[in-house]
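A short worksheet on the structure shown next.
The values are calculated or read from the model by the stated rules, or taken from the named source; none is laboratory data. The model shown is predicted, which means the values in this text are computed figures rather than measured ones. Because the Cβ atoms are built from the backbone with ideal geometry, glycine has one as well, and the counts that use them run over all protein chains shown. The protein model used for the area step is the full one, side chains on, heavy atoms only, and it has no ligands, DNA or RNA in it. Shrake-Rupley method; radii C 1.70, N 1.55, O 1.52, S 1.80 Å.
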Amino acid sequence: MTRRISVLLCSYYFFLTICTLAPLARAQAADPNHKEAVDIFRELIDINTTDSVGSITDAAKAMQQRFLTAGFPASDMQLLGPNDLKQNLVVRYHGAGGKKPILLIGHLDVVEARRDDWTTDPFQFLTKDGYYYGRGTQDMKESDAILVETLLSLHREGFRPDRDIILALTADEEGGKSNGVNWLVENHRNLIEAEYVLNPDGGGVELRQGKATIFAVDASEKLYADYQLTVTNPGGHSSLPVPDNAIYELADGLERLSHYAFPAELNGVTRAYFETESKIMSGQTADDMRAILKTPPDPDAVKRLSQTPEYNSTLRTTCVATRLDAGHANNALPQRAQAIVNCRILPGHSKEEVRQEIIRVLDSPKIGVKYVGDGADGQGEIFDKAPDKKALPPAAIKPEVMQALQQVAGKMWPGIPIVSTMADGASDGIFTNAAGMPTYGVSGIELESDDVRAHGKDERLPIASYDRGVDFFYDFLKTLTTPH
Ligand SMILES: [Zn+2]
């Protein structure tokens, strides 16, 4: 997924006072670092890492070589994965060791791109009119390069963080069957064990006409799940209708589902959001926000707020029918009627729990409800049951992370609110969160809200945005890990 989409879709945020603190001086000679950062960016874009014909391993090896050349010991690096094309790179930057490590994650794979669709070659890094063009310039090779550059810069100046910093550059976030973060969690947990995780695939700075409006941090994400609803029937001649028509049966079930609302529920992040938002809003909306924070929440206030789609999706799991397919001839009774229902599940609940709830609401033994696998559990495969795994409900962002953000973002984008978001897409954070490592989407990449091209044609990133992204992450990570 992508930060930009999550910024656009983010359903809530809270405003925080930005402290003015002493700016952290960048080490000497910012320019060589920028130049190196662009070289790394170019190298990554030029390596095709699509699932169809690309190689994650080639990109991982290129980055490994950069660390070796810079003097990182070979023993601090691991290249490992389930097959030859999907090798992930894990690098450990040693710190004082007083605290549990911080894990940085970045996916190396990109969404497919066809040369014919694009104005430029998607797998050739191109600088044009103040932009870098290429597949992955927004999602997320720019941030992979920034993560690598940050560690190289810190290493060059002999910086010793207060703890180990681990970098994992991984496979198959966008698709494919070998999700690297999931694979590492399941097979080499010790290599990536951390107190918390920073994932620049989420968050970022939203610009409107060149002006920064919000600094978004993904503090949580909803779980994505598709379900396939099926009714089958012997069918027959359409001149002889029978009561148990497969289409009517399915339509009646969907009708019941359309009137159903999952229970409203708040967690650490959404509670903090509504608290702050209630101070910014006025009138009935502000009153309602205060009223839902009470124990128990005021049901009328929940109802009124739920009429706004963004508040509704913040308050509860949502499910909606997105596809319908039925019948085989105009003059025959349907033998099969099928629908896809897409759900966005609040953290703390499992996909199987939601499947059971859909079955209960459909209230028809004739409608079968199966789970459609995604990324980690078989792309597009149909399963009788959904996974049971659930992520812990999120807590508010850790104070040390928030303080470092306030310090660095407050200096680079003075006066703009730092906004905590719950992404309604899914990133690799789903796996680290599920593994008990709180994961924050943090990035200093600026993007115009109407120039979101992740997954799209002619993907590009402003040169100035990249430079600031490089500066931000360096300052942020250094501030976060400087021994006190
Ligand atoms: Zn992404």
Point to revise | Accessible-area order (highest first, 1.4 angstrom probe) of the listed residues SER258, SER420 | key: SER258, SER420
Exercise for review: Leaving ligands, DNA and RNA out of it, work out the accessible area of ARG468 with a 1.4 Å probe and give it in Å² to the nearest 10.
Suggested key: 70 Å²
Point to revise | Mean residue ellipticity (222 nm) of the chain, computed from DSSP H runs ≥ 4 via -39,500 (n - 2.57), nearest 500 | key: -10500 deg cm²/dmol
Check your understanding: What is the chain by shape, rounded, prolate or oblate, if you read a ≥ b ≥ c off the alpha carbon gyration tensor as root eigenvalues and call it rounded for a/c under 1.5, prolate for a/b larger than b/c, and oblate otherwise?
Key -> prolate
**Study point:** Within the range 325-360, backbone nitrogen closer than 18 Å to the virtual label 7 Å beyond the Cα of LYS366 toward Cβ
**Key:** 325-329, 332-340, 359-360
Practice item. From largest accessible area down, sort THR137, THR285; use a 1.4 Å probe on the protein chains. Key: THR285, THR137
Exercise for review: First check a/c for the range 223-383, with a ≥ b ≥ c the square roots of the eigenvalues of its C-alpha gyration tensor; if it is under 1.5, answer rounded, and if not, answer prolate when a/b is larger than b/c or oblate otherwise.
Suggested key: prolate
Revision key, fill the gap. Gyration tensor on Cα atoms of the range 109-204, a ≥ b ≥ c root eigenvalues, a/c under 1.5 rounded, else prolate if a/b beats b/c, else oblate, says oblate
Point to revise | Among TYR227, TYR93, THR57 the positive-end extreme of the charge dipole of the chain (Cβ point charges) | key: TYR93
Review point. Using alpha-carbon pairs under 8 Å, 6+ residues apart, how would you state the relative contact order of the range 412-484 in percent?
Key: 28 percent
Revision key, fill the gap. The extension gain from ARG208 to ASP46, computed as 0.36 nm times the residue separation minus the Cα-Cα distance, is 55.3 nm
Practice item. Express as a percent, rounded to the nearest 5, the fraction of DSSP beta bridges in the chain (both residues included) that run antiparallel. Key: 70 percent
**Study point:** Solvent-accessible surface (1.4 angstrom probe) belonging to HIS328, in square angstrom, nearest 10
**Key:** 110 Å²
Check your understanding: Under a 1.4 angstrom probe, counting protein chains only, how are LEU79, LEU333, LEU89 ranked by accessible area, largest first?
Key -> LEU79, LEU333, LEU89
Revision key, fill the gap. Computed over the chain, the relative contact order (Cα-Cα under 8 Å, seq sep at least six) in percent reads 27 percent
Exercise for review: Round to a whole angstrom and tell me the spacing of the C-alpha centers of the range 58-89 and the range 197-221.
Suggested key: 29 Å
Practice item. Using label points projected 7 Å from each Cα along Cα→Cβ, tell me how many nm separate VAL320 and TYR260, to one decimal. Key: 1.8 nm
Point to revise | Whole-number accessible area per residue in Å² for the chain, which is evaluated in the context of all protein chains at 1.4 Å | key: 42 Å²
Revision key, fill the gap. The size of the Cβ-based charge dipole (Lys, Arg +1; Asp, Glu -1) of the chain about the Cα centre, to the nearest 20 debye, is 820 debye
Review point. Hey, with R₀ at 22 Å, roughly what FRET efficiency would ASN190 and SER75 work out to, going by the Cβ-Cβ distance, to 0.05?
Key: 0.90
Review point. How high is the FRET efficiency between GLU381 and ASP117 when r is their beta carbon distance and R₀ equals 25 Å, given to the nearest 0.05?
Key: 0.35
Revision key, fill the gap. With R₀ set to 30 angstrom, the calculated FRET efficiency between the beta-carbons of GLU275 and ASP162, to the nearest 0.05, is 0.45
Exercise for review: Please list, or write none, the lysines whose alpha carbon is within less than 23 Å of the alpha carbon of LYS370, excluding same-chain residues fewer than 8 places away.
Suggested key: LYS177, LYS222, LYS351, LYS385, LYS389, LYS390
